[in-house]
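Coordinate-derived values only; no laboratory data. Note that the structure is a prediction, hence the values are computed from the model and not measured. Here Cβ is always computed from backbone atoms with ideal geometry, including for glycine, and neighbour counts include all displayed protein chains.
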Amino acid sequence: MKEPLQIFQGIDRSDVPAADFHMHTTWTDGQASVAAMHSRAIECGLEWVLFSEHARRTSGEWFDEFAQEVRALPTDSCRALVGVECKVDDFDGTLDAREGILSTCDLVMASVHRFPGEVTFLKGDAAGYSKKEAIDLEFRLAMAALANPLVDILGHPLGMCCRRFGHEAPEDAMRALIAEAANTGVAFEINCHYHADPWQLIDWCHSAGAPIALGSNAHSVSEVGRIQRILKGVEEAWNPSGSS
Ligand SMILES: [Zn+2]
Ligand SMILES: [Zn+2]
């Protein structure tokens, strides 16, 4: 796994790591600049952030400029890392990314965003998959990503099914992914936008020995550090039964 190592093997309830490893900016679909997100991270007391910007195989030259902007940030109170969130393309774990971009990054995150052939996010079974089929597809794509040596973090595992069907993913599938993450050394992301019970997942990661990355999935300054606030019990977690 790449340096610097800020991916955690053990997370103590009384000492939540001050590292938010999932945020987006105006370089893609976020609402705030790199500088604004970083300032907010400092205000929140974060010591590490990963700018996990979306990029695709077709993404242009902007990524280098984005990376330079992140690397130019002040490092005295909060270190900022350059990252990418790539879509998992197929059941071989192929990433929708260019080698030039991957090699620029400190950490590479792979996430399941669409099922093969799907062009937009569809709620429930509108995509033509039953819940069981959808979980199986997402599980297989995530397992394939875990086996890809280019991947450092598995982004929001089974999160598409959690959001699509408004529920927490089944324990057996989550635990199987966590076991494989422990096996391959890829960090299992606990993402508060997709996961309703972060501490439960952390406990499962601990028992399997899987590395963990904490992610707020922040697309605005107000979301920076949200996973830390949820883990500390000062902000409500996502409630599947209350979602539309
Ligand atoms: Zn994502
Ligand atoms: Zn994201």
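The overall shape of the chain is rounded: from the C-alpha gyration tensor, with semi-axes ordered a ≥ b ≥ c, the ratio a/c is less than 1.5. In this structure, ASP172 and SER241 have a Cβ-Cβ separation that, at R0 = 25 Å, corresponds to a calculated FRET efficiency of about 0.75. Going by a ≥ b ≥ c, the root eigenvalues of the Cα gyration tensor, does the range 93-224 fall in the rounded group (a/c under 1.5), the prolate group (a/b larger than b/c) or the oblate group? Judged from the Cα gyration tensor, the range 93-224 comes out rounded (a/c under 1.5). Of all beta bridges that DSSP places with both ends in the chain, some 10 percent have antiparallel geometry. Here the peptides 60-70, 87-97 are ranked by packing, the mean other Cβ count within 10 Å, and the order with the highest first is 87-97, 60-70. Checking the a/c ratio against 1.5 first, then a/b against b/c, what shape does the Cα gyration tensor give for the range 153-233? Here the range 153-233 falls in the prolate category.
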